[in-house]
Amino acid sequence: MSENDNLQEAEGNIEKKPNTVVSETELASEADDLKKENPAETTSEETQAAAPKKTEEEPSSTDKETAPEKAKDKHVEDIEASNAEDAEDESNAERHDVEEKDYESMSMDKLVVELNYLLKHHKIQTISKQVNKIKREFNSKFNDLLEEKKEEFLADGGNEIDFYYTNDNKKLFNQLYKDYKKGISAYYKEREQTLKQNLENRLAIIEEIKGLINVEENIHTTYKHFKELQEKWRNAGPIPRDKYNNAWNTYHHHVERFYDFLHLNNELRDMDFKHNYEQKLKIIERAEELAKDDNVNRAFRELQVLHKMWKEELGPVAKEHREAIWERFSEATKTIHDKRQAYYADLDKAYEKNLDRKNDIIAKIQEIADNKANSHGAWQKKIKEVEALREAFFNAGKVPLKLNEATWARFKDAVRQFNRGKNQFYKNLKKEQYENLQKKKELIKIAEENKDSDDFDVVTPLMKKIQNDWKKIGHVPRKDSDKVWKQFKAACNHYFDRIHAKRRKENEHLYEAFDQKTKILDTVKNLDFGSDNKANVQLLKEKIAEWKSVGYVPQNKRYIDGKFYKAIDNAFDQLNMDKAKLEMVKFESKLENLANNKDDNRLLDNEQNFIRKKITEVKAEINQLENNLLFFSNVDDSNPLVKDVHKNIDRHKKELETWKTKLSKLKDMYS
């Protein structure tokens, strides 16, 4: 097989152009491996030794060729080399039908599924190329996983000598690959014997054809015997490829000698020549049709079949036609071959573009690996970026074979460098988290030692401090996080529940006051007022007095005062009273509320500042309105606009008096 017929691909394996399925090197290598496993198998040298030696009348390989075929061109050599492979392995052509997928982008579990599918749905001898690629990809991915697991094991304090890791995918893959090796070994062992026997049978047929020339019998009987030997030859089965051309050339030489012997009976000879001529013309016409087909791979595969028919199924033609029909067939073959070479030249250019894309991806991964992150969030972002780049690399397509291994190695090195940085960060993070775990355990110890202490004055500040220290300590390992938090929380809650129980007992009268105020609040919310506003106001004042008489409630319950005075305000709003009087009554209620907050004088100060601000604002409004009247000095007071201004001034003056009264009452609160 010519080296030019080998496609270059990203995985580093050889993809044969359609005229071959598996390279001779690959098959030979695989056969050598199997022979090491099965040393009893027959070697190729033994097969060669089984063939009879050439007699003096047998021609050399060159002499045995017909004149037009002596100087074979490259396009014919490619066809013959491919057909020699097919002659050795009848399943060779079936390899074209086995789909080759993008194994690089598959996960380990998908690779296992794919291997299992190939073993179940294809002949064992047709899938060696796919199996080898799957094996390489699976081992590469498993080794990467193994490296990660090992680093995690060592980071957790494990000893390297104790490290071991496998998984279900690895176990299943190993079993499937073992089944494949067993099956392919049995196949090659059986095929070796078959090839040897088929070669012996074909050589015996040649000897019988040679003997027909010297027999003394009726020519028709001899011709019938010759036809029977030809049929036996066609059905004799595959032979070793290195014996293929020699065997066929020897066979054709003695077939032509037999036809020369038939010159005594031109009718029989000419009938065969005519049949062969007609069939070869049909082959040529089909080849010329294929030369116009744009699907170069399909055309080339069918061309292989045509050459095989030409050589193996048809005999010679009359000498005057031999050179002409061969030249015509060779020309069609050359056209298909040249189109195919051009197709793969364009494919090589596409591979170069794929290489540029992959180099760019590798550079980006390298850049990410060089820029170390210092937080979990930043590393998670980088991990997603690298995963996306890995996916893009696998989808970028194949690259030239000569650069594939180097490209793949640089890609893996870049990814490994990133993984080392990531693993080192998380290794250090685990170390830091372990240290944090020890710190938190120390705080748990302090909390549990003091949770039953009665020295509240000393222990309470300590418990608050360790709670604050807990918040400052960073993350701990996830598996321990909930456990240590529950321990710490339980100890702290136990201590503070004891404090709260003690304080509740000491302040039991405050909680009783809270219960009483809750009942008063409910009463105010459900009051029904009569038509006597004076009596209604008195009722509300009595409720306020009752509220004040109850006294204080616990600090954390004082929100109830706000609810009560809001309910009082809502009750006043239900009364049909003069707005100014109602406003003052509500204000007095508000002052009562403020008076209950003696611990916070800021409330009184804020209220006083608010009232003073409102007084200033109202005075400014009155001043502005009085200035506006100056523009109406020549206008009668009965003018609607003037009357409206006077009305606004009177309203603001009443409002001013209300705010001044509020301020006066507030000052009394201070004294």
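The values are calculated or read from the model by the stated rules, or taken from the named source; none is laboratory data. Note that the coordinates shown come from a computational prediction; the quantities given were computed from them, not determined experimentally. Note: ideal-geometry Cβ built from the backbone for every residue, glycine included; neighbour counts use all protein chains shown. These area figures cover heavy atoms from the full protein model, side chains too; ligands, DNA and RNA do not enter into them. Shrake-Rupley method; radii C 1.70, N 1.55, O 1.52, S 1.80 Å.
Pick out, in residue order, every one of the GluC sites (Glu not before Pro) in the stretch 126-229 that is DSSP loop and has at most 14 other C-beta atoms within 10 Å; say none if there are none.
Values: sites: GLU137, GLU147, GLU148, GLU151, GLU152, GLU160, GLU190, GLU192, GLU200, GLU207, GLU208, GLU216, GLU217, GLU228; in loops: GLU216, GLU217.
Taking the stretch 126-229 and a limit of 14 other Cβ atoms within 10 Å, the loop GluC sites (Glu not before Pro) found are GLU216, GLU217.
What trypsin sites (Lys or Arg not before Pro) in the stretch 263-336 are in a loop by DSSP, with at most 14 other Cβ atoms within 10 Å of the Cβ? Write down the numbers at each step before the final one.
Numbers: sites: ARG269, LYS274, LYS280, LYS282, ARG286, LYS292, ARG298, ARG301, LYS308, LYS311, LYS319, ARG322, ARG328, LYS334; in loops: LYS292.
Answer in residue order: LYS292.
Once R0 is set to 56 Å, what does the formula 1/(1 + (r/R0)^6) return for the Cβ-Cβ distance between LYS525 and GLU148, expressed as a FRET efficiency to the nearest 0.05? Walk me through the numbers on the way to the answer.
Values: r = 67 Å, r/R0 = 1.20.
Working from the Cβ atoms, E equals 0.25.
Quick one: P(r) of the stretch 330-445 from all Cα-Cα pairs, 10 Å bins, percents rounded to integers, in order of increasing distance.
Final binned percentages: 12, 28, 20, 15, 11, 7, 3, 2, 1, 0.
Stretch GLU289-ASP413 to full length: gain in nm at 0.36 nm per residue minus the Cα-Cα span?
Full extension of this stretch gives 39.6 nm more.
What's the center-to-center distance, using Cα atoms, between the stretch 430-509 and the stretch 237-257 in Å?
Measuring centre to centre over Cα atoms gives 94 Å.
Give me Rg/Rg_expected for the stretch 337-388, where Rg uses Cα atoms only and Rg_expected = 2.2 N^0.38 Å with N residues. Can you show the working numbers first?
Details: Rg = 18.3 Å, N = 52, 2.2 N^0.38 = 9.9 Å.
Dividing the Cα Rg of the stretch 337-388 by 2.2 N^0.38 Å gives 1.85.
Under a 1.4 Å probe, what is the accessible area of the stretch 335-404 per residue, stated in Å²?
Counting only protein heavy atoms, the per-residue value for the stretch 335-404 is 55 Å².
If I take R0 = 60 Å and measure r between the Cβ atoms of HIS121 and ILE473 in this structure, what FRET efficiency does the formula 1/(1 + (r/R0)^6) give, to the nearest 0.05? Can you show the working numbers first?
On the way: r = 59 Å, r/R0 = 0.98.
Working from the Cβ atoms, E equals 0.55.
Would you mind calculating the gained length between ASN606 and LEU172 on full extension (0.36 nm times residue separation, minus the Cα-Cα distance), in nm to one decimal?
148.3 nm
What is the gain in length, in nm to one decimal, between GLU432 and ALA350 on full extension, counting 0.36 nm per residue of separation less the C-alpha to C-alpha distance?
24.6 nm
For the stretch 483-558, would you read off the P(r) tail past 16 Å as a percentage of all alpha carbon pairs? Before the final figure, lay out each step's value.
Details: 1835 of 2850 pairs.
Distances greater than 16 Å cover 64 percent of the Cα pairs.
Per residue, how large is the accessible surface of the stretch 173-272? Use a 1.4 angstrom probe and give square angstrom.
Value for the stretch 173-272: 50 Å² per residue.
Send over the per residue convex hull volume for the stretch 226-363, Cα only, as a whole number of Å³.
Enclosed volume per residue, from the Cα hull, is 136 Å³.
If you line up the Cα atoms of the stretch 108-220 on their principal axes, what length do they span on each, largest first, in Å?
For the stretch 108-220, the Cα spread along each principal axis is 93, 28, 16 Å.
According to the square roots a ≥ b ≥ c of the eigenvalues of the Cα gyration tensor, what is the shape class of the stretch 242-311, taking rounded for a/c under 1.5, prolate for a/b larger than b/c otherwise, and oblate for the remainder?
Numbers: a/c = 5.91, a/b = 1.68, b/c = 3.51.
It is oblate, given that a/c is not under 1.5 and a/b is not larger than b/c.
Taking every Cα atom in the stretch 603-671, find the radius of gyration and the maximum pairwise distance Dmax, and write them in Å.
15.8, 51
So what's Rg/Rh here for the stretch 141-276, counting alpha carbon atoms and using the Kirkwood radius for Rh? The partial results should precede the final answer.
On the way: Rg = 30.0 Å, Rh = 20.3 Å.
Rg divided by Rh gives 1.48.
Testing the spin-label approximation: label points 7 Å from Cα along Cα→Cβ at ALA342 and GLU231. State their distance in nm.
4.6 nm
Among rounded, prolate and oblate, which fits the stretch 352-511 when a ≥ b ≥ c are the square roots of the eigenvalues of its C-alpha gyration tensor, a/c under 1.5 means rounded, and a/b larger than b/c means prolate? Walk me through the numbers before you get to the answer.
Working: a/c = 5.64, a/b = 4.19, b/c = 1.35.
Here the stretch 352-511 falls in the prolate category.
Rounded to the nearest 0.05, what FRET efficiency is calculated for ASN576 and ASN634 with R0 set to 41 Å and r the Cβ-Cβ distance?
FRET efficiency, ASN576 to ASN634: 0.40.
Could you list the trypsin sites (Lys or Arg not before Pro) in the stretch 372-430 that lie in coil according to DSSP, counting only those with at most 16 other Cβ atoms within 10 Å of their Cβ? Let's see the in-between values first.
On the way: sites: LYS372, LYS381, LYS382, LYS384, ARG390, LYS398, LYS402, ARG410, LYS412, ARG416, ARG420, LYS422, LYS427, LYS430; in loops: LYS372, LYS398.
Filter output for the stretch 372-430: LYS372.
Apply the a/c threshold of 1.5 to the C-alpha gyration tensor of the stretch 378-435 and tell me whether it is rounded, prolate or oblate.
It comes out oblate by the Cα gyration axes.
As I understand it, the dipole of the stretch 356-486 uses +1 on the Cβ of Lys and Arg and -1 on the Cβ of Asp and Glu, about the Cα centre. Which of PHE393, GLN433, SER481 lies farthest toward its positive end?
Of PHE393, GLN433, SER481, it is PHE393.
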